[in-house]
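Okay, so here's the structure we're looking at.
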Amino acid sequence: MARQQPSPWVHTAFLFCLLSLSGTIEIPMDLSQPPTITKQSVKDHIVDPRDNILIECEAKGNPAPSFHWTRNSRFFNIAKDPRVSMRRRSGTLVIDFRSGGRPEEYEGEYQCFARNKFGTALSNRIRLQVSKSPLWPKENLDPVVVQEGAPLTLQCNPPPGLPSPVIFWMSSSMEPITQDKRVSQGHNGDLYFSNVMLQDMQTDYSCNARFHFTHTIQQKNPFNLKVLTNHPYNDSSLRNHPDMYSARGVAERTPSFMYPQGTASSQMVLRGMDLLLECIASGVPTPDIAWYKKGGDLPSDKAKFENFNKALRITNVSEEDSGEYFCLASNKMGSIRHTISVRVKAAPYWLDEPKNLILAPGEDGRLVCRANGNPKPTVQWMVNGEPLQSAPPNPNREVAGDTIIFRDTQISSRAVYQCNTSNEHGYLLANAFVSVLDVPPRMLSPRNQLIRVILYNRTRLDCPFFGSPIPTLRWFKNGQGSNLDGGNYHVYENGSLEIKMIRKEDQGIYTCVATNILGKAENQVRLEVKDPTRIYRMPEDQVAKRGTTVQLECRVKHDPSLKLTVSWLKDDEPLYIGNRMKKEEDSLTIFGVAERDQGSYTCVASTELDQDLAKAYLTVLGRPERPRDLELTDLAERSVRLTWIPGDDNNSPITDYVVQFEEDQFQPGVWHDHSKFPGSVNSAVLQLSPYVNYQFRVIAINEVGSSHPSLPSERYRTSGAPPESNPSDVKGEGTRKNNMEITWTPMNATSAFGPNLRYIVKWRRRETRETWNNVTVWGSRYVVGQTPVYVPYEIRVQAENDFGKGPEPGTVIGYSGEDYPRAAPTDVKIRVLNSTAISLQWNRVYPDTVQGQLREYRAYYWRESSLLKSLWVSQKRQQASFPGDRLRGVVSRLFPYSNYKLEMVVVNGRGDGPRSETKAFTTPEGVPSAPRRFRVRQPNLETINLEWDHPEHPNGILTGYTLKYVAFNGTKVGKQIVENFSPNQTKFTMQRADPVSRYRFSLSARTQVGSGEAVTEESPAPPNQAYTNNQADIATQGWFIGLMCAVALLVLILLIVCFIKRSRGGKYPVREKKDVPLGPEDPKEEDGSFDYSDEDNKPLQGSQTSLDGTIKQQESDDSLVDYGEGGEGQFNEDGSFIGQYTVKKDKEETEGNESSEATSPVNAIYSLA
């Protein structure tokens, strides 16, 4: 994590700004002024012959200047050449060849003159040359004959082109020539062989020249090499030999220089150019080159080595780079050196370039032209393009070497002066005019500009102005105070005010005032100070494994009045946000990190005024790259040294190397692990087996995983030998009753030790003196036929190849095939242990009747029937095994109260023998299994009903059922109660002691033996308890609380509506004639109306209030319709009775009142309710 420093261009830009501030003041273009050259072609102008020629020359002045040209120092009459034209309002020449003509005819030295009535300005002398790409001369090249190990130079000699072509070497089939420290191309284009090897004949060598302007490549006829050698075979194994040259019979030689010749040379270079020193040496082995400077060190900031250290390049040469350099060529036979004396010369360069001089009448001034070079340049002054000596005399002008002094200048002194400084290596030409003006001060920039700056930064406020005499400029803040200059302020000649460090109090309005003897002018600049943009939480360096997710933070604080933009760079280039990346306001997330994501990430937080940078480095741990360049050395009969170059560890150190091998005889293409080595080594001695054609590869391992295997090494075959071991896992087993199959694990390629691996198989019967039978087998099995049944044999298997036999093998005992046993166990006795188990005892059979290896005695038994007549049973046969030579055993997991039958057999590897006599036995009564489908029901709060089914396995005669139950309420448990039932009873109804408690029931069946397994159930919770529990559960739920609040709000609205309706009720008109007369005691009859009272809101007789507060009608013959005629009695929308006791025809009047009421706001609310 690092806050990045400002880029170098920021400092460069600021330096350029300071230089421009100290430069001369420009004359506004609306004022009279001499010409000034603004654009021109380069001094050495090379053009493409296929295009029109363009020679640029542009100038400004008032009045606008006119142009003319010279060619080779003579006037160039453009009007006489139809191909030549000059652009409008410009001096640029255009030479058009569309209608024919040869560009070469226009080569020469051109100079442009820009003139108006105040003077003449000159361009540089422009040397026009046409690019050339001549063809290679025809030549027939004989084969180059060279002795192996000798040096060789293949000369290119390209045709001279303009500019010089780029040289490179290829074969005639356009394959690049591989270059290294032995074979390389020199700066002159020749191809140098420090020593020639036989493999250099495998290709030819052609020099190619690429020309820049024509974009063409010309190819020289190829060279063919014929290498004379003492070792005509190009054996690839010798390339890996530690002493390759001596192995090929090449004599070793001390180094000698091929270029440059001799022991010393000299070289001249111009200041500011690149110095290229080159040393190419021959020798066997190939020499190494080293560079030194006599009396000092090489300039590390400018020096770099090229062409495999054969070239030294020093950029931007200066005088201190002159001196003596020497190159040292060395190999094990010795060393030599070559000294190069470097002289640095210099074309003229400016020390003080003349600048335009603006004077008022009567003022003094001077033009200075100072330059340096090696040799020292001469200075020549001209005025309006003519030598100063031939110009009319001017008493106000004095020439003093490199300076012209003007005194008491007048309008007539206006002119353009040229300074030409030159030496043998070049020239410099500068124009500077003298302008005499009488102009009051004027401002050149827009008025009342707004400048926004960042706190604590350095800034400048521009106030470009002009006047003659040159005005004095002063700055003021907020229209008051003294002149701003000094301390935190600095005023430049061109009127700019620099504030070295902006503070909050510097905000305000700044006024610049320019004054000369002719008047004054002023302008204002408003300065606003903004807070800086700062990254306060910067991204941090991270190390991540490939495939993981990484987040880089970047939190920014900035001035809220400025627009913030956050962007990211990777390795200082704009980051492309792909599908695997997510850019958020304050972070960058990379999903599934890959190796290509490694690098530096820079967060750039920028506004219109400033920016802040913070950089972090992401290191991605990946699997290592594959090792490369495998090499076999130290070749021996049983070992070899394998060396490799480690691949990139991808930021996770290599912990191990696995060396694998492949052989092409037994398992071609299959790789096997050979050995494992620590990650710190890259060379190991491998132990090898005889007669294996080895090929090796290496796999690197780190914490992240394994690399891809390296490319295979060259093959190496070891010599053969007799086997040193015999096959393993030798066995002899019969597959039939009259044979024996001998098998073994075949030997692999690394244990064969020679060609034609085979096996000598020997066998004979054990404990007899008969001779060995033997046979030679090429596979991994052999079958011996016609053998007695299950007879032991002695077996031997010995390996053999064309080099001899392996060691004497060990003897293995095998057996011929088995036959089925001939006898069954006798005197089988059964003893019943309990209702589910019996004990067996028998007499063993004679060994010779087994006819094989006795595996086990086995009992087959099955359930014949149950003693319960009505119970169906399965008669599926089951078995119990008794391994080994045993005389007794136990059979368990039988069903009680059942009849069984049993047989016994002897078992060997072949199978079962004959069955013994069938024995019968009966298991006694046992306890029953649990009753099935035990159900507990609670039809009401007073009773509980129990039901069940008979046990699936009664295991005897059922004598009844036992029910145990206990009441419980929470943690309180009552006394246990026991009930006994008859075997036919499967129901029971229990009276509850209270409606709150629950019950836990346990039911089991009984036989005479006892009670069996019990089944347990609990009674369901009473309704009120279930409701309470449910209420407790939901009372804390958010949705329930919200629902209750909504219901409460609805009820409140209903109550308000009812209250409003009641207050509106008042008195209702009733006709005098009523079908339902009121009592004479009723005081409401007198005025023909009645009042609602609280009685009206009470439930009607014969109704009940439900849980939700509504009135439900009971099952009764009473109907509210009886209180009116034809069912015309009405209900309000909330279910309350309106009480309209009128006859049907009175309804119209009531309806009329209702319709009028519906339009009121109260009725609207009521209708919503």
Any residue at all in the stretch 490-511 that's without any contact (Cβ under 8 Å) to a residue 24 or more places away in the chain, open to solvent by 10 Å² or more (accessible area, probe 1.4 Å), under 30 Å from E363 (Cα atoms) and not in a loop (DSSP other than H, G, I, E, B)? yes
With respect to P354, determine if the residue is open to solvent by less than 20 Å² (accessible area, probe 1.4 Å), in contact (Cβ under 8 Å) with a residue 24 or more places away in the chain and assigned to a loop (DSSP other than H, G, I, E, B). yes
Which residue out of V556, V529, V513, V550 is within 43 Å of the chain's Cα centre (by Cα) and more than 30 Å from K570 (Cα to Cα)? V529
Consider the stretch 891-925. How many of its residues are of a type outside the set (S, T, Y), touching a residue at least 60 places away in the same chain (Cβ under 8 Å) and not in a loop (DSSP other than H, G, I, E, B)? 9
Provide a single number: the residues in the stretch 680-737 that are in contact with a Ser or Thr (Cβ under 9 Å, 6 or more places away or on another chain), open to solvent by 50 Å² or more (accessible area, probe 1.4 Å), free of Cβ contacts under 8 Å to residues at least 60 places away in the same chain and part of a strand (DSSP E or B). 4
When you scan the stretch 588-598, how many residues do you find that are modelled with pLDDT of 95 or more and either among the hydroxyl-bearing types (S, T, Y) or open to solvent by less than 10 Å² (accessible area, probe 1.4 Å) (or both)? 3
Filtering the stretch 1006-1037 down to residues that are modelled with pLDDT under 90, open to solvent by 60 Å² or more (accessible area, probe 1.4 Å) and either outside any helix (DSSP H, G or I) or farther than 27 Å from I944 by Cα (or both) yields T1036, Q1037
Take F666 and tell me if it is open to solvent by 20 Å² or more (accessible area, probe 1.4 Å), farther than 30 Å from D541 by Cβ and modelled with pLDDT of 95 or more. no
Name the residue that is farthest from V1015 (Cα to Cα), counting only residues in the stretch 929-971 that are assigned to a loop (DSSP other than H, G, I, E, B) and without any contact (Cβ under 8 Å) to a residue 40 or more places away in the chain. N940
Given the conditions (1) within 30 Å of Y510 (Cα to Cα); (2) in a loop (DSSP other than H, G, I, E, B), which single one is not true for L527? (2)
Filter pass, N384 being under 60 Å from the mean Cα position of the chain (by Cα) and either modelled with pLDDT under 95 or open to solvent by less than 70 Å² (accessible area, probe 1.4 Å) (or both): no
Of P165, P158, which residue is open to solvent by less than 40 Å² (accessible area, probe 1.4 Å) and closer than 25 Å to K132 by Cα? P165
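Say we look at the stretch 532-573 and pick out the residues that are among the hydrophobic types (A, V, I, L, M, F, W, C) and assigned to a loop (DSSP other than H, G, I, E, B); which of these is farthest from T602 (Cα to Cα)?
Of all residues in the stretch 532-573, those among the hydrophobic types (A, V, I, L, M, F, W, C) come to 535, 538, 543-544, 550, 552, 554, 556, 562, 564, 566, 568-569.
Checking which are assigned to a loop (DSSP other than H, G, I, E, B) leaves us with 538, 554, 562, 564.
Details: M538: 10, C554: 9, L562: 21, L564: 16 Å.
Checking each candidate, the answer is L562.
Taking E818, is it of a type in the set (D, E, K, R) and in a loop (DSSP other than H, G, I, E, B)?
It is true that E818 is of a type in the set (D, E, K, R) and in a loop (DSSP other than H, G, I, E, B).
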Looking at the stretch 532-557 only, could you name the residues that are open to solvent by less than 60 Å² (accessible area, probe 1.4 Å) and within 20 Å of D506 (Cβ to Cβ)? P532, T533
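Can you tell me how many residues in the stretch 117-128 are of a type outside the set (K, R) and part of a loop (DSSP other than H, G, I, E, B)?
3
Results for (1) over 30 Å from G592 (Cα atoms); (2) of a type in the set (S, T, Y); (3) without any contact (Cβ under 8 Å) to a residue 24 or more places away in the chain, shown as yes or no for each residue.
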residue: K615; (1), (2), (3): no, no, no
residue: L618; (1), (2), (3): no, no, no
residue: G622; (1), (2), (3): no, no, no
residue: E631; (1), (2), (3): yes, no, no
residue: T643; (1), (2), (3): yes, yes, no
residue: P646; (1), (2), (3): no, no, no
residue: D656; (1), (2), (3): no, no, no
Kindly establish whether K563 is surrounded by fewer than 15 Cβ atoms within 10 Å (Cβ to Cβ), of a type outside the set (V, I, T) and in contact (Cβ under 8 Å) with a residue 12 or more places away in the chain. yes
Answer residue from the stretch 627-643, given it is charged (D, E, K, R) and part of a strand (DSSP E or B) and is surrounded by the fewest Cβ atoms within 10 Å (Cβ to Cβ) among those: D629
Output the residue which, of all residues in the stretch 738-755 that are open to solvent by 30 Å² or more (accessible area, probe 1.4 Å) and of a type in the set (V, I, T), is farthest from G804 (Cα to Cα). T743
Answer residue from the stretch 140-153, given it is in a loop (DSSP other than H, G, I, E, B) and open to solvent by 60 Å² or more (accessible area, probe 1.4 Å) and is modelled with the highest pLDDT among those: P143
Subset of the stretch 566-579, residues charged (D, E, K, R) and open to solvent by 70 Å² or more (accessible area, probe 1.4 Å), comes to D571, D572, E573
Of all residues being over 47 Å from the mean Cα position of the chain (by Cα), free of Cβ contacts under 8 Å to residues at least 40 places away in the same chain and open to solvent by 40 Å² or more (accessible area, probe 1.4 Å) in the stretch 300-327, which is farthest from L276 (Cα to Cα)? Just the residue, please. E320
The residue that is least open to solvent (accessible area, probe 1.4 Å), considering only those in the stretch 266-291 that are closer than 21 Å to D190 by Cβ and of a type in the set (D, E, K, R), is E278
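Per-residue answers, yes or no, for (1) β-branched (V, I, T); (2) surrounded by fewer than 18 Cβ atoms within 10 Å (Cβ to Cβ); (3) under 18 Å from G734 (Cβ atoms):
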residue: R769; (1), (2), (3): no, yes, no
residue: T776; (1), (2), (3): yes, yes, no
residue: Y782; (1), (2), (3): no, no, yes
residue: I795; (1), (2), (3): yes, no, yes
residue: E800; (1), (2), (3): no, no, no
residue: F803; (1), (2), (3): no, yes, no
For T421, are the conditions met, namely being among the β-branched types (V, I, T) and assigned to a strand (DSSP E or B)? yes
Which one is farthest from the chain's Cα centre (by Cα) among residues in the stretch 448-466 that are part of a strand (DSSP E or B) and not hydrophobic (A, V, I, L, M, F, W, C)? Q449
Considering only the stretch 89-122, state which residues are open to solvent by 20 Å² or more (accessible area, probe 1.4 Å), within 16 Å of R74 (Cα to Cα), out of contact with any His (no Cβ under 8 Å at 6 or more places or on another chain) and not charged (D, E, K, R). Q111
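The values are calculated or read from the model by the stated rules, or taken from the named source; none is laboratory data. If you're wondering where the values come from, they're calculated on a predicted model, not measured in any experiment. Glycine also receives a Cβ, built like all others from the backbone with ideal geometry; neighbour counts cover every protein chain displayed. For accessibility, only protein heavy atoms count, side chains too; no ligands or nucleic acids. Shrake-Rupley method; radii C 1.70, N 1.55, O 1.52, S 1.80 Å.
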